[in-house]
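Chemist: Let me begin by handing over the structure; questions about it come next.
The values are calculated or read from the model by the stated rules, or taken from the named source; none is laboratory data. Since this is a predicted model, take the numbers as computed values, not measurements. So basically every Cβ, Gly included, is an ideal-geometry build from the backbone, and we count neighbours across all protein chains shown. Each accessible area value is taken on the protein alone, full model and side chains, heavy atoms only, with ligands, DNA and RNA left out. Shrake-Rupley method; radii C 1.70, N 1.55, O 1.52, S 1.80 Å.
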Amino acid sequence: MLKAYDYGEPDQQTGEIQDAGLFRKEKGIALQYVLDNPNHIKERKCPVCGTAHTKFIFSRWDIDYLFCDECCSIFVPADKKTIKDYLNIEKMRELRISDEYQQQAEERRADIWDGQVMWAQFRIYRYLGRNTNLDIIDYGNRYNGSVNRFRGSGMCSRYELRDSILPIDTEKVSRADVILYINQLQHESDPVATLGSLKKDLKKGGILILNTRLGSGFDILTLKGSMDSIFPYEHIMLPSRRGLEMILDKAGYELLEITTPGTRDMESVLKNKERVEESNFFIKYLLKTADRSTLADFQKFLQKSGMSSFAQVVAKVRM
């Protein structure tokens, strides 16, 4: 398995890449749904490794997030119907497909999407030996700008958008050379079964390209429930890097490459240093005494060691 890292920007929900007003509206809709649909599931087994050795790590809107002692993943034990209904809230859908939302996304995420396409082109060529005339299935993409970039990249012979809120007609692809599964794992209550179900849609030798937030990331483990960008039921599965590797292995994939190119972990903690727990003496000391150069080096360490909060993965079906 190839291990590598680079200095790309993760697709996270922050004030810099999302309009603050629109983000407040999203969270307001999510909060109302959570209040109307409290989580009563008492199951504490980790959906990644199956152990019952889990413990409370933080609460958001009275929804408990649990930490797995075995694989270090973070999750909410929510039932599938609750999550499915959340993903189909009509008010949320109307907001996200609105011209204002899509235009703001285009203005703020254009560089990220361009980087994603370039990254995908390079990896696809590396593992398939070509990056043109491909059949591609893109799961859950909710941004017109991102869809248009992949469709117009020159990679696609046929492109199908599945499980998306966007009212876009695309071609049907029975089996794909490439499946894009970008920012979708965070919604999964049974990630192993979900990724396993995608295998039937891949051609022999085809690849899965996936990215996701990691629960083992420095900023998440430091700020916990104080992170504004993490909330139920938008985020119920935050695997650790080890947990992500376990999910793929259990689902029947061979991991070809995993990168943790996050660049904002340290920045996120710096911006929210007043929210760092008083008992976290190491981080308090680091933030008080380190200069910018030291903090930049620390971020590079997080990238190299796989402890950033964002992962990009390339995998293929295990033969």
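Yes/no matrix, rows are residues, columns are (1) of a type outside the set (A, V, I, L, M, F, W, C); (2) surrounded by fewer than 14 Cβ atoms within 10 Å (Cβ to Cβ); (3) touching a residue at least 12 places away in the same chain (Cβ under 8 Å):
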residue: Ile89; (1), (2), (3): no, no, yes
residue: Met92; (1), (2), (3): no, no, yes
residue: Gly129; (1), (2), (3): yes, yes, no
residue: Asn133; (1), (2), (3): yes, yes, yes
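Chemist: Further question on the same structure: Based on this model, can you work out whether Leu195 counts as over 30 Å from Phe282 (Cβ atoms) and assigned to a loop (DSSP other than H, G, I, E, B)? Show your work before the answer.
Modeler: Details: over 30 Å from Phe282 (Cβ atoms): yes; assigned to a loop (DSSP other than H, G, I, E, B): no.
Judged against the criteria, Leu195 is not a match.
Chemist: A further question on this structure: Would you check which residues across the stretch 264-307 are within 30 Å of Gly196 (Cα to Cα), out of contact with any Pro (no Cβ under 7 Å at 6 or more places or on another chain) and of a type outside the set (D, E, K, R) and list them? Before the answer, list the steps.
Modeler: The initial filter retains those residues of the stretch 264-307 that are within 30 Å of Gly196 (Cα to Cα), namely 302-307.
Next, from what is left, pick out any that are out of contact with any Pro (no Cβ under 7 Å at 6 or more places or on another chain): 302, 304-307.
Residues satisfying the conditions are Leu302, Ser305, Gly306, Met307.
Chemist: Could you grab me the full set of residues in the stretch 302-319 that are open to solvent by 30 Å² or more (accessible area, probe 1.4 Å) and at pLDDT below 90?
Modeler: Initially, the stretch 302-319 is screened for residues open to solvent by 30 Å² or more (accessible area, probe 1.4 Å), giving 304-305, 307, 316-319.
Of everything in the stretch 302-319, those that are open to solvent by 30 Å² or more (accessible area, probe 1.4 Å) and at pLDDT below 90 turn out to be Lys304, Ser305, Met307, Met319.
Chemist: Please work out which residue is surrounded by the fewest Cβ atoms within 10 Å (Cβ to Cβ), limiting yourself to the stretch 35-46 and to residues that are touching a strand residue (DSSP E or B) at 6+ places or on another chain (Cβ under 6 Å) and modelled with pLDDT of 85 or more.
Modeler: Residue satisfying both the conditions and the ranking: Arg44.
Chemist: Within the group Gly15, Gly21, which residue is out of contact with any Gly (no Cβ under 6 Å at 6 or more places or on another chain), at pLDDT below 75 and under 29 Å from Lys91 (Cα atoms)?
Modeler: Gly15
Chemist: Touching a Phe, Trp or Tyr at 6+ places or on another chain (Cβ under 7 Å) and either open to solvent by 10 Å² or more (accessible area, probe 1.4 Å) or at pLDDT 90 or above (or both), is that true of Leu256?
Modeler: yes
Chemist: Still on this structure, please answer the following. Could you please find all residues in the stretch 97-113 being of a type in the set (Asp, Glu) and surrounded by 14 or more Cβ atoms within 10 Å (Cβ to Cβ)?
Modeler: Across the stretch 97-113, the qualifying residue is only Glu106.
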